[in-house]
Structure formats: C-alpha cells, structure tokens
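To start, the structure itself, in structure tokens.
The values are calculated or read from the model by the stated rules, or taken from the named source; none is laboratory data. For clarity, every value in this text was computed on a predicted model and none was experimentally measured. Note that we place each Cβ from the backbone using ideal geometry, even for glycine, and neighbour counts take in every protein chain shown. Only protein heavy atoms, including side chains, enter the accessible area calculation; ligands, DNA and RNA are left aside. Shrake-Rupley method; radii C 1.70, N 1.55, O 1.52, S 1.80 Å.
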Amino acid sequence: MDIGVVTIFPEILDVVRGSGVTGRAVSTEVCRVSTWDPREFTRDRHRRVDDASYGGGPGMVMQYAPLKAALAACREGVGPEATAGDAVGERRE
C-alpha cells in the first residue's frame, strides 16, 4: 500500500514512519509513506507557498500553482487510485 501526503512539514511524518503500527508496516514493507512538499514546486528563491487571502482579511492561504503541482506529483507517485480530501474531510477525485 502506498500512502502519499502533501505537506509543507514533511519531517513531521518521520515519527509516523518510525513508530507504532505504521512504523512496523513501513519496516516490513507492507506500506510506504511518501511526502511531497509544495515548496519544491515554487519558482521564487524563497520557496514561498502562502499568499494573502482574497479580500485582505486575516490569515493566509496556499498558492494554487505549487499545491496543484505537488498534488499531481503525489498522484503520479501513488497511482491512479489516489484521492484527496478537502478542509472538511470530503473525498475529492
């Protein structure tokens, strides 16, 4: 089983890969947990992935281009059965 995660903090998943049930599954090669960092798909020298929200309200949002490229790379690496969830947890194709 291949599990792909798009995250700007890929080092956090080192704990998941190395401990508990998931750690045993990874070490026995039952599953593989891979990460894709949207920062690797940016074009500016600061590798910025956040942008101001539309309308100028508080908070930041992810830039579309790096996130789209990271999701495409994840789907290519995991396979055609890859799915993505939205902020509410609904499944997206």
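Residues that are in a helix (DSSP H, G or I) and open to solvent by less than 100 Å² (accessible area, probe 1.4 Å) were ranked within region 73-93; the one that is modelled with the lowest pLDDT is 78.
Answer with yes or no whether residue 16 is hydrophobic (A, V, I, L, M, F, W, C) and either out of contact with any strand residue (DSSP E or B) (no Cβ under 9 Å at 6 or more places or on another chain) or free of Cβ contacts under 8 Å to residues at least 60 places away in the same chain (or both).
yes
For region 16-72, enumerate the residues that are in a strand (DSSP E or B), touching a Ser or Thr at 6+ places or on another chain (Cβ under 8 Å) and surrounded by fewer than 16 Cβ atoms within 10 Å (Cβ to Cβ). Hits for region 16-72 are 60, 61.
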